[in-house]
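Working notes, structure below.
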Amino acid sequence: MIRQHRSGPRSVRPLIRLVIPALVSIFLAPLIYAQPDTKTPPFNGIAHVALRVKNLASSVDFYEKLGFEQAFDLRKENIPYESFIKINDTQFIELHAAAPTDTSIGFLSLCFEGADLEAIHTDYLNHGLTPTDILKTAAGNLRFIMGGPTQPSGPQIIEYTQYLPGSLHREDEGKHLGPDRIAEKLVAVSLPMTDPASARDFYINQLNFKPIANDPMSMHMPGESGQEIEILPATAGTHARITLESSNLGKAARHLHKEGIFAVKNGATLTVIDPDGNVLLLETR
């Protein structure tokens, strides 16, 4: 009996076995293998640096001599206890009056502005972090707080805020932007840490900050602001070190000289020290 060769079905089977997986990989793989986006929600940038000062009125006067203006203050029994010095519509230096029991003067806390505070808060919880609940502040914005690495003065206080319509910050938009202010933007904050390597790991691995090439202890925050934090050794002390961007260093230098404020010029940087020892670095970027 002669067996007939059935060329049709059997000859195409190897081809089918090759084609079907290829089609699956092209059309279905993106659905099968897609992973949820675990990227940290973006920050708009640095909202403020808070400083604890020995004499609130004297500190306000000093910063006003730098061309900055007080946007508003918070009071108890009509006595100011916190002043908001305006750099631009979204960035401030907060001056907090020291209480008699306070043992540390200088850097108090750093605050990031969130594009979506609820999303950042949820992301942190999903990553095993322990932020506080989101609450409304006396100024009318949303805020939560989280403990960070240990600084010379104790555990770091990291604040997160989202500006809300009707808040004191929003109501001050376009106001108190002194034409003579020596800088227009807060671009970086340096943070002394007792264990710089561990602090760096915390910011990169827990908070998704991005390391900067050729500068291992500086990092960009999540988002497109380009703003940075820098980790310093504990020997840098408890005072703040803030970098501000100035559009005209020559004009800034002349203004400081006119106001009798001593400034040190080092290359393309002007350094000013406030009454409590906090360092302001002025740069053109």
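For the reader, a short list of remarks on this structure follows.
- Cα Rg, Dmax, the stretch 38-121, angstrom units: 14.7, 47
- Relative contact order %, the stretch 128-285, counting alpha carbon pairs below 8 Å whose residues are six or more apart: 19
- Under the simplified labelling scheme, the Lys136-Asp89 pair shows an inter-label distance of 2.3 nm, with each label point 7 Å from Cα along Cα→Cβ.
- Heavy-atom SASA rank of Glu171, Glu113 (probe 1.4 Å, accessible area, largest first): Glu171, Glu113
- Of the beta bridges in the stretch 137-285, as assigned by DSSP with both residues counted there, near 70 percent are antiparallel.
- Under 5 Å between amide hydrogens, built in the peptide plane, is the criterion, and for Leu186 it picks out Glu245 among residues at least 5 positions away or on other chains.
- Each residue of the stretch 216-221 was assigned a 3J(HN,Hα) from its phi angle through the Karplus expression (A = 6.51, B = -1.76, C = 1.60, θ = phi - 60°), giving x, 9, 10, 9, 8, 7 Hz with x at Gly and Pro.
- For the chain, relative contact order (Cα pairs under 8 Å, six or more residues apart, normalised by length) works out to 18 percent.
- Note on Tyr81 and Asp201: their simple-model spin labels are 3.9 nm apart, each label 7 Å out from Cα toward Cβ.
- Share antiparallel - DSSP beta bridges, the chain, percent rounded to 5: 70
- The tail of the calculated P(r) for the stretch 90-216 beyond 19 Å holds 59 percent of all Cα-Cα pairs.
- Chain lengthening between His127 and Thr269 when straightened (0.36 nm per residue, less Cα-Cα): 47.2 nm
- Residue-normalised accessible area of the chain, expressed per residue, 1.4 Å probe, Å²: 54
- Stretch gain in nm, segment Asp61-Ala234, where the contour uses 0.36 nm per residue and the Cα spacing is subtracted: 59.3 nm
- In terms of distances greater than 23 angstrom between alpha carbons, the cross-link table entries Lys210/Lys251; Lys65/Lys86; Lys175/Lys265; Lys86/Lys251; Lys65/Lys251 yield Lys210/Lys251; Lys175/Lys265.
- Between Asn248 and Glu224, the FRET efficiency from the beta-carbon distance, with R0 = 22 Å, is close to 0.30.
- Rule-of-thumb Rg ratio for the chain [Cα; 2.2 N^0.38 Å; N residues]: 1.41
The values are calculated or read from the model by the stated rules, or taken from the named source; none is laboratory data. Keep in mind that this is a model prediction, so the values were computed, not measured. So basically every Cβ, Gly included, is an ideal-geometry build from the backbone, and we count neighbours across all protein chains shown. For accessibility, only protein heavy atoms count, side chains too; no ligands or nucleic acids. Shrake-Rupley method; radii C 1.70, N 1.55, O 1.52, S 1.80 Å.
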